[in-house]
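To keep things clear, I will list the structure first and then write my remarks on it.
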Amino acid sequence: MTASKLVGRLGRIEFIALIAALIAINAFAIDIMLPGLQQIGAGLGEPDANRRQLVIPAYMLGFGILQMVFGPLSDRFGRRKPLLVGLVIYCLAALSAYAVADFNSLVVLRFIQGAGASASAVIATALVRDLFVGDEMAKTMSLVFMVLMLSPIFAPGLGQMLLVVLDWRGLFLFMAGLGILVTLWVWMRLPETLKPENRRPFGLKSIIEGFGIVFSNRVALGYILATSFLFGGLFGFLTSSQQIYVGIYQVGMWFPAFFAAGGAISALGGFANSQLVNTHGMRRIALLALNVFVAAAAMMLLLGYLQMLPVGLFFALSAVLFFTFSMIMPNFGALAMEPLGEVAGTAASAQGFLQMVLGASIGALIGQMFNNTTIPLALGMLVLGLLAMGLTGFSGNEAGVLEPEE
């Protein structure tokens with residue numbers, strides 16, 4: 001069966017837009033909060049700037065851990081029902097955060113919000129794998145990733161505007177409203193993409209077998225771990241960016257503009273990848289981009305150590321990191337999922353779990369190491385890029401391009 005038939009009434013463009021929306025609500029749940037961290041801390045009596053960051057990794061941890069549940073559930077019950085359950089949890093947690101009274105409770109609610117959002121990410125990946133394989137999957141994920149990376153263009157600025165009209169609680173009201181809209185879109189428009197004959201039993205034995213298939217595949221495991229380390233670098237930037245731009249470089253109200261420009265460059269990288277992947281192959285493009293990523297991180301570290309890194313040069317090197325990141329991640333993600341079509345939901349959950357739990361933990365560590373310099377961030381990016389490079393060697397050249405299913 002072709003992808004167009006499986007997508008059904010949506011059509012390819014609406015399908016890609018819906019997948020992007022499912023993933024983008026997670027980006028908005030993170031990026032829109034960055035301008036409000038100071039207000040949240042002041043409003044809930046949390047004076048420690050580093051502790052205020054916890055609302056971000058708490059969300060990511062919940063987002064990562066529960067993917068291990070929603071992935072197998074979607075392999076058993078189909079994609080629609082678990083997705084709708086997760087979206088409802090996301091919306092209820094955001095509404096509860098609107099009325100929260102203390103900082104620790106907010107951290108807990110952010111964990112729950114991330115847990116609900118985990119369904120949208122893992123099932124979005126499984127939906128794409130249900131319909132596409134090989135370079136075609138990488139191209140589709142690049143377009144999704146391009147739309148996703150546009151969120152940093154709008155989210156911090158939107159958050160800043162909301163903070164002018166409302167207090168920080170309005171940010172959660174916006175998240176809940178956006179989540180409700182996406183939930184209705186899924187409920188009314190998304191057909192079931194998992195064929196009945198491909199459903200797996202939901203039990204401890206079948207779950208263990210499914211994860212065994214994922215983690216015993218050297219190609220899949222290597223690329224999953226590589227993406228997890230690179231996500232750690234991205235999360236490190238997210239948790240540190242406000243302190244770097246505002247605290248070190250004193251850009252003040254221009255912080256959302258710098259963040260937005262980085263998002264635009266990331267989106268451009270995703271678009272470039274979608275245009276190049278069919279002619280040059282996803283693995284070749286990703287490995288070249290990874291080499292450039294490592295070189296840019298090394299330059300940032302060296303210049304930061306020499307105290308020769310003004311804000312313009314820091315932004316330029318960050319732009320290179322963002323651009324190459326958007327060319328690496330869709331391709332590595334497709335390479336990881338390519339040999340695992342029989343357990344797409346479980347594979348997506350394993351990938352998402354490691355990306356978020358390992359990535360968020362690394363990102364939180366980088367954030368907590370912030371010392372009023374750019375060195376911890378640059379060092380983290382460099383080390384994580386080198387680890388990803390080693391893992392691609394571990395994966396080898398076995399990840400061939402599969403032909404689309406008929």
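Some notes on this structure:
- Remark: the stretch 109-119, residue by residue, has Karplus-estimated 3J(HN,Hα) of 5, 5, 4, 5, 4, x, 4, x, 5, 4, 4 Hz, where x stands for each Gly or Pro and the curve is 6.51 cos²θ - 1.76 cosθ + 1.60 at θ = phi - 60°.
- Summary of packing: across the peptides 203-214, 91-102, 349-360, the per-residue average of other C-beta atoms within 10 Å ranks them, highest first, as 349-360, 91-102, 203-214.
- Sorting 83-89, 26-32 by their mean Cβ neighbour count within 10 Å, with the most densely packed peptide first, gives 26-32, 83-89.
- A simple rule links phi to the HN-Hα coupling: the Karplus curve 6.51 cos²θ - 1.76 cosθ + 1.60 with θ = phi - 60°, which for the stretch 293-307 gives 4, 5, 5, 5, 5, 5, 5, 4, 5, 4, 5, x, 5, 7, 6 Hz, with x for Gly and Pro.
- Estimated translational D of the stretch 188-285 in µm²/s (Stokes, Kirkwood radius over Cα pairs; 10 °C; 1.306 mPa s): 88 µm²/s
- In summary, the convex hull built on the alpha carbon positions of the stretch 12-159 has an orientation-averaged projected area of 9.0 nm².
- Within a Gaussian network of the chain (alpha carbon springs, distance under 10 Å), most fluctuating of Thr279, Thr183, Thr373: Thr279
- Note: the chain, Cα convex hull, 118 Å³ per residue.
- Calculated [θ] (222 nm, deg cm²/dmol) that DSSP helices of n ≥ 4 give over the chain, each run adding -39,500 (n - 2.57): -25500 deg cm²/dmol
- This ranking places Arg110, Arg52 by how few other beta-carbon atoms lie within 10 Å of each, fewest first, which gives Arg52, Arg110.
- HN-Hα J in Hz across the stretch 69-82 - Karplus 6.51, -1.76, 1.60, θ = phi - 60°, x for Gly and Pro: 8, 5, x, x, 4, 6, 6, 8, 9, x, 8, 5, 5, x
Every number in this text was worked out from the coordinates using simple rules, so none of it is lab data. All of these numbers come straight from a predicted model, not from anything done at the bench. Because the Cβ atoms are built from the backbone with ideal geometry, glycine has one as well, and the counts that use them run over all protein chains shown.
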